[in-house]
Amino acid sequence: MKKSALQRVRADYQPKLPKDLQGSVKVKFGEPTQSVANQEEVKQLFPHTYGLPIVEFENDENPTRVEEPFNVGIILSGGQAPGGHNVVSGIFDGLKKLNKENRLYGFLMGPSGFIDHQYMELTAGYIKDFRNTGGFDIIGSGRTKLEYPEQFDKGLKVLKELNIKALVIIGGDDSNTNAAVLAEYYKNIGANVQVIGVPKTIDGDLKNKWIETSFGFDTACKVYSEVIGNIQRDCNSAKKYYHFIKLMGRSASHIALECALETQPNICLISEEILAKRMTLDNIVNYICYVIAERAKMGWNFGTVLIPEGLIEFIPSMKSLIADLNEVLVDYASELDGKEEEEKLKVIHSHLTGANADLYKSLPKHIALQLSLDRDSHGNVQVSLIETESLLSEMVARRLEEMREEGQYSGKFAAQHHFFGYEGRCADPTNFDADYTYALGYNAAMLINSGLTGYMSSVRNLTDHTENWICGGIPITMMMNMERRNGELKPVIQKALVNLNGRPYLKFASRRETLALNTLYQYPGPIQYFGPAEICDRPSMTLLLEHGKDID
Ligand code: FBP
């Protein structure tokens, strides 16, 4: 594979390892744990892996154990996130440090490779080319949901064939939920296979006290912020467009919020706030129009609006419609199968009732269709396919014309639309993500060596120097609660949405009015891999604020 000049130099970057992982490690066990909610239900479903203690690693100055060789398998699951290749390198290096005879196998194209026995051995020579690069192309990823005992049994066959002692699942909240279910299943049948999870997702919604951030969030937000900054420069130069920019992130608005802190746009919508204030689509449109009209009074007919991709699901009336649609799409799947667009809309409409039926009918056809697309394998609406940015700008244009007639607006309005998601998911990881992922992987190898199962690799204290990061494992069941999925109550890892009492949101909210009625854009520029630490190693503003630090 021919590498770019940057990749060639970047390949030599040696991720910094926390000092607790630098030599031999020993395990410190904490108190037994509980799930975040629905303790009784979760406990019943996970009799073997519920209540396990949190573990922390520390340096073992007098190691006595001779480590027996063992084999490990890995799966990359779900959407790509920068740093995945360094998780693999970290696991590999951790395993080799324990015993040179240890082997690492990668299952190809996500969980389906595990079920269908598609794999490859990951050797030093093969991994070398992927160190510090973005993407998941080292073994590929996929969204097959690992949920049925038949899949677990099929997978177990290949694990036994390859003499694999532990499986590492690198994924988001849903994939890690599956990791917990698999760990419990293997423990229950005495399969003698450990399962460890690694917190991945650009969305930033897999976090809690022990998982301070999921990997990839930092890099993806920096890529989006660079491009938003570039658009803002263009916007402030031509002074003729409103840019409606939708940002990936699925349900949570963490990405939009982080990018707003980085780039200071005129408007950033926060889905969680919209839900809390029970705002309607009209309320949102009116707010955008208010800002546009106020700016027009100052002669500014330009601006930027950041929109989290999951927004639509948080508008209470839409949320209720989507919940109803989720049931209709499952209950009437065979009736809908193979129907043309118009017919499909009619059938769905006929099964909706009351306000939901009215709202469905009132939506532009392309939006109604996008809302009615198949759910992903975890039962989620595929929000990345819903063009909220054009829905909002169309409604804003209409409302501005009404305001013009009412004498409340006399500006010019022209919109540009953007959607940033895939652009950031495979970027070369920032130093932060390169170090964090390498540590997560290395740490996962240590969890395996400690005989643990049903744990997520946890590296904390992330705004301190890498040296001082705290490493260990958190029982996955601890992060779980019961939620309705595909019409059934299921144990799942609780998603972390934007906390409206948290410092990142409060910081943004305190600046919001000023940003709307002025032009205070920031242009963060591209990710820097070489240079002073304050530029190259700075974690996300979200993380800094959450850790009580200040941002400019
Ligand atoms: P994960 O939750 O698997 O990490 O994926 C995140 C994400 O990038 C979301 O932000 C986005 O909605 C979704 O993936 C898009 O999925 P796909 O890659 O299947 O189009």
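The table below lists the values:
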read-out	value
Loop sites in region 44-109: trypsin sites (Lys or Arg not before Pro), DSSP, at most 11 other Cβ within 10 Å	R65, K100
Reciprocal of mean inverse Cα separation for region 352-493 (Kirkwood radius, Å)	20.6
Descending semi-axes in Å of region 24-84, equivalent ellipsoid built from Cα gyration tensor	28, 22, 13
Footprinting exposure proxy for W300, W469 (fewest neighbouring C-beta atoms within 10 Å first)	W300, W469
Ranked list, fewest to most other Cβ atoms within 10 Å of each Cβ, for Y148, Y287, Y436, Y442	Y148, Y287, Y442, Y436
Summed side-chain charge close to M456 - residues other than M456 whose Cβ falls under 15 Å, Lys, Arg +1, Asp, Glu -1	-1
Inverse of mean 1/r across different Cα pairs in region 70-209, Kirkwood, Å	14.9
Amide proton proximity set for A415, modelled H, under 5 Å, gap of 5+	Y242
Pairwise label distance in nanometres, N192 with V347, each label 7 Å out on the Cα-Cβ vector	5.1
Reachable aspartates and glutamates from K549, criterion Cα separation under 17 angstrom, eight or more residues apart if same chain	E212, D218, E258, E262, D464, E534, D537
GluC sites (Glu not before Pro) restricted to DSSP loop in region 362-460 with at most 13 other C-beta within 10 Å	E406
Pairwise label distance in nanometres, N486 with K297, each label 7 Å out on the Cα-Cβ vector	5.3
Angle in degrees between helix 341-351 and the longest Cα principal axis of the chain, rounded to the nearest 10	90
Which of L329, S271, Y409, positive extreme of dipole for the chain (C-beta unit charges)	Y409
More than 21 angstrom apart: percent of Cα pairs within region 253-330	38
Listed residues T466, L385, A439: farthest to the positive end of the dipole of the chain (Cβ charges)	T466
Of K100/K157; K97/K160; K3/K128; K209/K495; K2/K128; K344/K365, pairs whose Cα-Cα distance is over 20 Å	K100/K157; K97/K160
Long-range HN-HN contacts of E483 with modeled amide H, under 5 Å	K490, V492
Per principal axis, descending, Cα span of region 307-385 in whole Å	33, 28, 20
Karplus-derived HN-Hα couplings along region 398-406 (A = 6.51, B = -1.76, C = 1.60, θ = phi - 60°), whole Hz, x at Gly and Pro	5, 5, 5, 5, 5, 5, 4, 4, 7
Whole-Hz ³J(HN,Hα) from phi, Karplus 6.51 cos²θ - 1.76 cosθ + 1.60, for region 274-282, glycine and proline x	4, 5, 4, 8, 6, 6, 9, 4, 5
Computed magnitude of the charge dipole of the chain (debye, nearest 20; Cβ of K, R +1, Cβ of D, E -1)	860
Projected label distance in nm at M1 and R65, using a 7 Å step from Cα toward the beta-carbon	3.3
Of P532, N518, G548, farthest towards positive along the dipole that unit charges on Lys, Arg, Asp, Glu beta carbons give region 501-552	N518
Added length on full extension, which subtracts the Cα-Cα distance from 0.36 nm per residue, D12 to H417	141.9 nm
Alpha-carbon centroids, region 186-247 and region 77-122: separation in whole Å	21
Extension gain from E467 to I535, taking 0.36 nm per residue of separation minus the Cα-Cα distance	22.6 nm
Coarse-grained scattering of region 154-307 at q = 0.10 Å⁻¹, given as base-10 log I(q)/I(0) from a Debye sum over alpha-carbon atoms	-0.53
Stokes-Einstein diffusion coefficient of the chain, Kirkwood radius over Cα pairs, 4 °C, 1.567 mPa s, in µm²/s	53
Region 260-404: C-alpha pair distances exceeding 23 Å, %	41
Helix-only [θ]222 nm of the chain, DSSP H runs n ≥ 4, -39500 (n - 2.57) each, per residue, nearest 500	-13000 deg cm²/dmol
Compactness of region 1-121 as Cα Rg over 2.2 N^0.38 Å, two decimals	1.37
Fraction of beta bridges assigned by DSSP in the chain that are antiparallel (%, nearest 5)	40
Rounded to the nearest 20 debye, dipole of region 156-245 from Cβ charges on Lys, Arg, Asp, Glu	100
Whole-Hz couplings from phi, Karplus 6.51/-1.76/1.60, listed for region 508-513; x for Gly and Pro	4, 4, 5, 9, 3, 4
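Computed from the coordinates by the stated procedures, all read-outs in this text should not be read as laboratory data. Since the model is a prediction, treat every value here as computed from it, not as a measurement. Cβ sites come from the backbone with ideal geometry, for glycine too, and all protein chains shown count toward neighbours.
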